[in-house]
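The values are calculated or read from the model by the stated rules, or taken from the named source; none is laboratory data. All values derive from a computational prediction rather than experimental measurement. Positions of Cβ are backbone-derived with ideal geometry, glycine not excepted, and every protein chain shown enters the neighbour counts.
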Amino acid sequence: MRLAAIFHHRRKQSAAGLSRALARALAWALIAAIACLAVHPLRAAPADQEFRKGLSAYHGGRFDEAMRLWLPLAQGGDAPAQAGIGFMYYRGLGVAVDYPKAALWLRKAAEHGQPEGQMMLGTLYFYGRGVEQSYLWSYAWCDLAQDGGNADASACRDASLQSMANGSDLKKAFRMSVDLHQRFSRKH
């Protein structure tokens, strides 16, 4: 419910509220990645091991080390690493705050089907940080994230719907969401 309040009162809330929501989403993404690795520890590939090293560095506050470990993975298409880097640019963890770079990396993770990256990208669209502000794109990305299992995304999606000006925008947003589902859903 807290995330819904952040979205519904977007002009009155501090950036700290959004940062907490994004931090929670990234934490769940990283926990999910660790859980997957824990299930198959003997079959972990070198990239998985590097991701875990980066995760350990991130949790230890060694953000420069996390970036150094995750950047090659992210450049190679690893969605959790892409989301982690995007979040680091969003929060300025080990790097300067850079919303366009955050959006770039979160878009890569989102397009790889990662629900946390999709929700965070939708949030950037909602607030117009690093991307042109658009409730339509915010709805479409957050709807996809919610359908992919991100529980926090429903608040973003619902707030985006409530912020749209007219029925024409709603129809466009629904079409955009269908398109994103067809292109980037994990359920294919």
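Couple of notes before you dig in:
- Picking from residues in region 100-151 that are of a type in the set (D, E, K, R) and surrounded by 24 or more Cβ atoms within 10 Å (Cβ to Cβ), the one that is nearest to Q82 (Cα to Cα) is E116.
- Test for R107: is it touching a helix residue (DSSP H, G or I) at 6+ places or on another chain (Cβ under 9 Å), of a type in the set (K, R), within 25 Å of L136 (Cα to Cα) and modelled with pLDDT under 90: no
- Some residue of region 89-99 being buried (at least 23 other Cβ atoms within 10 Å of the Cβ) and either among the charged types (D, E, K, R) or within 13 Å of the chain's Cα centre (by Cα) (or both): yes
- Residue satisfying all of: in region 53-83; in contact with a Leu (Cβ under 6 Å, 6 or more places away or on another chain) and surrounded by fewer than 21 Cβ atoms within 10 Å (Cβ to Cβ); nearest to R107 (Cα to Cα) among these: F63
- Matching residues in region 152-171 - criterion: being surrounded by fewer than 16 Cβ atoms within 10 Å (Cβ to Cβ) and either part of a helix (DSSP H, G or I) or acidic (D, E) (or both): Q162, G167, S168, L170, K171
- Restricting region 126-140 to residues that are assigned to a loop (DSSP other than H, G, I, E, B) and of a type in the set (S, T, N, Q), the residue that is farthest from N166 (Cα to Cα): Q133
- Long-range neighbours under 6 Å by Cβ, at least six apart or interchain, first residue aliphatic (A, V, I, L, M) within region 176-188, second at pLDDT 95 or above: M176/L136; M176/A140; L180/A140; L180/L144
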